[in-house]
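All remarks here apply to the structure that follows.
The values are calculated or read from the model by the stated rules, or taken from the named source; none is laboratory data. This is a predicted model, so every value here is computed, not measured. Cβ placement follows ideal geometry from the backbone for every residue including glycine, while neighbour counts extend to all protein chains displayed. In case anyone asks, the SASA skips ligands and DNA or RNA and just uses the protein heavy atoms, side chains included. Shrake-Rupley method; radii C 1.70, N 1.55, O 1.52, S 1.80 Å.
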Amino acid sequence: WELGEAIRTFASGLQVLGIENRAHVALFADNSHRWLIADQGIMTAGGMDAVRSGTAETEELLYIAEHSESTVLVVDNAALLKRLRSRLDALPIPLVILLSDEEPPADERLKILNFSQLMALGKDHPYTPVTMKPEDLATLIYTSGTTGQPKGVMLSHRNLLHQINTLRSVVQPEPGDRVVGILPSWHSFERTAEYF
């Protein structure tokens with residue numbers, strides 16, 4: 001229940017900031033509970049996320065943000081934002097969300113909120129449900145780009161739900177079981193397992 005509430009609160013915060021149905025959001029971060037809240041919050045707000053590790057090369061992340069036509073950027077922390085900042089003015093990204101609770105930089109052209117600020121905004125406004133179809137695009141997962149520019153793999157909500165609904169035929173966890181995941185949260189298998 002608490003996780004679902006956090007996801008809806010994150011989504012509400014995005015909606016207050018003007019995120020519309022089918023908005024493209026670049027999510028550059030690594031494994032944490034806030035990654036899952038952001039990922040699901042973006043989708044719950046009606047958005048589609050383009051995901052990649054925050055430790056990927058700067059050029060690769062900027063390419064993904066541009067290629068995915070993202071208008072919002074969600075990043076792990078202020079250090080990652082600082083690494084990308086000098087090139088963001090060339091992209092149509094007016095809004096950045098930090099998944100950390102670091103104080104956003106002052107005197108900034110971009111609107112920047114940290115995680116707690118976004119959640120506080122979301123708590124003050126009710127979530128507005130959005131209509132999505134199973135075939136709507138849910139996410140773009142980018143390849144590592146080792147053979148050239150990264151390729152965006154388009155996955156619909158139906159794709160993700162099929163994987164989640166069939167994973168039980170492979171694993172049957174019971175309440176109280178412990179699981180260790182070694183893949184990054186944005187990886188297609190790790191993501192399916194975490195959703196499951």
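For the range 1-14, a residue qualifies if it is open to solvent by 40 Å² or more (accessible area, probe 1.4 Å) and of a type outside the set (D, E, K, R), and the qualifying residues are TRP1, LEU3.
I'd like to check something: does the range 36-53 contain any residue that is touching a His at 6+ places or on another chain (Cβ under 6 Å) and farther than 18 Å from ARG191 by Cβ?
No.
From the list GLY4, GLY13, the one residue that fits, being part of a helix (DSSP H, G or I), free of Cβ contacts under 8 Å to residues at least 40 places away in the same chain and of a type outside the set (Ser, Thr, Tyr), is GLY4. Answer with yes or no whether GLU59 is open to solvent by 80 Å² or more (accessible area, probe 1.4 Å), part of a helix (DSSP H, G or I) and not polar (S, T, N, Q). Yes, satisfied.
Just to be sure before I move on: is SER156 open to solvent by less than 10 Å² (accessible area, probe 1.4 Å), at pLDDT 95 or above and of a type outside the set (A, V, I, L, M) in the structure I sent? No: the conditions fail for SER156.
Within the range 172-189, restricting attention to residues that are open to solvent by less than 60 Å² (accessible area, probe 1.4 Å) and free of Cβ contacts under 8 Å to residues at least 60 places away in the same chain, the residue that is farthest from ASP30 (Cα to Cα) is PRO173. May I ask you to verify whether PRO104 is under 18 Å from PHE28 (Cβ atoms) and either at pLDDT 90 or above or among the polar types (S, T, N, Q) (or both)? Yes: the conditions hold for PRO104.
Hey, among the residues in the range 19-47 that are part of a strand (DSSP E or B) and either over 8 Å from the mean Cα position of the chain (by Cα) or among the β-branched types (Val, Ile, Thr) (or both), which one's surrounded by the most Cβ atoms within 10 Å (Cβ to Cβ)?
So, considering only residues that are part of a strand (DSSP E or B) and either over 8 Å from the mean Cα position of the chain (by Cα) or among the β-branched types (Val, Ile, Thr) (or both), the one surrounded by the most Cβ atoms within 10 Å (Cβ to Cβ) is VAL25.
Just one of (1) in contact with a helix residue (DSSP H, G or I) (Cβ under 6 Å, 6 or more places away or on another chain); (2) part of a helix (DSSP H, G or I) trips up VAL74, so point out which. For VAL74, the failing item is (2). Listed conditions (1) over 26 Å from SER188 (Cα atoms); (2) of a type in the set (Val, Ile, Thr); (3) surrounded by fewer than 16 Cβ atoms within 10 Å (Cβ to Cβ) are all met by ILE112, apart from (3). Residues of the range 126-146 that are surrounded by fewer than 13 Cβ atoms within 10 Å (Cβ to Cβ) and more than 30 Å from GLU59 (Cβ to Cβ): PRO126, THR128, PRO129, THR131, LYS133, PRO134, GLU135.
Among the numbered conditions (1) open to solvent by less than 20 Å² (accessible area, probe 1.4 Å); (2) more than 26 Å from ASP124 (Cα to Cα); (3) at pLDDT 95 or above, the only one that LEU99 does not meet is (2).
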